[in-house]
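Encoded as structure tokens, the structure appears first; notes follow it.
Only the coordinates and a few stated rules stand behind these numbers; no lab work does. For clarity, every value in this text was computed on a predicted model and none was experimentally measured. Neighbour counts are summed over all protein chains in view; Cβ atoms, including those assigned to glycine, are modelled from backbone coordinates with ideal geometry.
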Amino acid sequence: MRFSRALESSPHSGPSPDGQLIAILLPSSIVVRDVKSLEISRIIDLPQDLTGGVTYFIWSPCSARILVAVTDQIHVFSVRGDNFHGNVRIPPSPAKSTFISFGPTGREICIWSPFGVKLTLIDLTTSKAVEIANPKFYHAASAARGYSFRTAAHHLALLTRTSGKDMISIHSPVTREVERSWYPDTIDAQGLAWTPDGRWLVVWESSVQAPRVLFYTSDGHIFKDWRGPLQHAPRDKGLPSGAGVRAVTISPDGRYAVIANVSTCLCVLSIPSMAEALRLRHPPVVQPRDTLQIWQEQSTLPSTGSFSSPKFVKAAQAVTPQWTNMNSLQDPISGCNLAKFDISSSLLATRLDDAPGTIWIWDIPSSDLRAVLMFHADVTKLEWHPVQPELLLIRCEGGAYGGLVFIWDPLSHGPLSIDMEHKIPGAVGNKTHATWLWLKTTTESAAIFFTNTTTCMITSLADSDEEPLPWQDGSATTYPINHKGDAAMQSSGLALPTEDAENSIVLDSDDDTGELDDTFQFQKFTTH
């Protein structure tokens, strides 16, 4: 394992989707560093009137632009090549925009207004805006469930709701005008998503309703109406009557759709037949086998006076996960609340509300439970590597886990714990963030980007000095995981030209919150 030198960071920082750049938001500028050299490649000066708390700081999917948003302004800057600067002015309002994101490319941004009044799509190339009334989901925690961009073609599928009825619309990738719209046969749809190949649009019903998932063709025709699993065994008794759909996860290769419900059972459908291919049951007691490894976090003994990263021991006998005990004052919560495929679509990681500190790893081709990982704290993040298969990043909640990152793969001896708290100065007590550094190659060892409010660092999982590293500045240092190293903060004094080519857009006010019409409403305009 190898660590880069420590770099200046801030509460808003992160690597680009292609893994080549790191952007750090400072009070008066954006500093962009090149991952290979770790040196500053660009400094973008922020407008002097950009005041107030930053609500969003995000990369475009193409890694060419970056967005900074405050309550009344959104700025988009180019980080490669040109001096593009897009500026969107938001009218004063008691409530701020609830969610902001890029479209499928860096030329479009999406703005959800307060109270779900409208969704505004802005083309930064033409300075034109399209407004769509009544998006069903508009809060930051749920907005992503209500829209989906079709891969390659970039059609927008949007879920809206007016007069108590759900509506789905398909919008042109160029003009964003409606190409087709219809009322799905749902009472309270909770999400939609294109399959990765863009052939199918999947819509699912609320978990409080009877289980139902609708599969539409790309032009909006119903292909399959899934009404819940059939009973295959005595232990499935009662499953269809009480197992409403909580979420649907589609595999990266588009071959499977995993349906999570309010039980501990998952239904896996095969695409395009949309027939149930297998059923995954989370057992209340886990028995180790030759094909199943159970790893339990081992408590450390603080009496020794030295820090020790968490260790994991392999269970040799049956183990019961730590199931949540609900008291009479709490609403019962059960079922799978997280399911994620790895990039190869062969492994599926799941977490249950009933056992939030346990991660289940399923082998989809063989329908077997491959591994069970048991932590002392609730797991808050699961992230498969975007390129390398079967490599999982895990994080847990709690102050003792703030500087820890866990890495698991099928050949490892349990989750590997990386102690970033003792590598980065001032990590103790600060909010931390860790994610994979997306290197679009399998020749280099996987790498992690880790940051707190003041410092960031790249960690490579390379086992030896001969393995290539993402950075090539010659300043990498090798530490044993439990070693407390001193990493000096370094920065460059490079000064670069200020961005000066600006496209400005002013949005209309959202004050009109009266009765909304049951049709799509669009407003297109061009400003200077």
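When the chain is fully extended, how far beyond the present Cα-Cα distance does E383 get from A316, taking 0.36 nm per residue of separation?
Gain on stretching E383 to A316: 21.3 nm.
For S28 and M1, what is the calculated FRET efficiency with R₀ set at 35 Å and r taken between the beta-carbons, to the nearest 0.05?
For R0 = 35 Å, the calculated efficiency reads 0.45.
What residues have an amide H closer than 5 Å to that of E179, excluding those fewer than 5 places away on the same chain, when H is modeled at 1.01 Å from N in the peptide plane?
Those qualifying (amide H under 5 Å, at least 5 residues apart or on another chain) are I170, H171, S172.
How much length is gained on full extension from S309 to I187, taking 0.36 nm per residue of separation minus their Cα-Cα distance?
Details: separation 122, 0.36 × 122 = 43.92 nm, distance 4.92 nm.
Between S309 and I187, full extension yields 39.0 nm more.
Is the shape of the range 137-266 rounded, prolate or oblate, going by the alpha carbon gyration tensor and its root eigenvalues a ≥ b ≥ c, with a/c under 1.5 for rounded and a/b larger than b/c for prolate? Please report the intermediate quantities before stating the final value.
Numbers: a/c = 2.10, a/b = 1.65, b/c = 1.27.
Cα axes put the range 137-266 in the prolate bin.
At 7 Å along the Cα-to-beta-carbon direction for both S273 and A210, put a label point, then send me their distance in nm to one decimal.
2.5
For the pairs K128/K381; K224/K381; K96/K165; K36/K96; K311/K340; K96/K431, flag any whose C-alpha to C-alpha distance is greater than 31 Å.
On the way: K128/K381 37 Å; K224/K381 33 Å; K96/K165 26 Å; K36/K96 38 Å; K311/K340 25 Å; K96/K431 24 Å.
Listed pairs above 31 Å: K128/K381; K224/K381; K36/K96.
Contour minus end-to-end for S344 and T454, with contour as 0.36 nm per residue of separation and end-to-end as the Cα-Cα distance?
Working: separation 110, 0.36 × 110 = 39.60 nm, distance 3.55 nm.
Length difference between fully extended and current span is 36.1 nm.
Please compute the modelled spin-label separation between R80 and Q48, points set 7 Å along Cα→Cβ, answer in nm with one decimal.
3.3
So if R0 is 25 Å, what FRET efficiency would H413 and A140 give, r being the distance between their Cβ atoms, rounded to the nearest 0.05?
0.05
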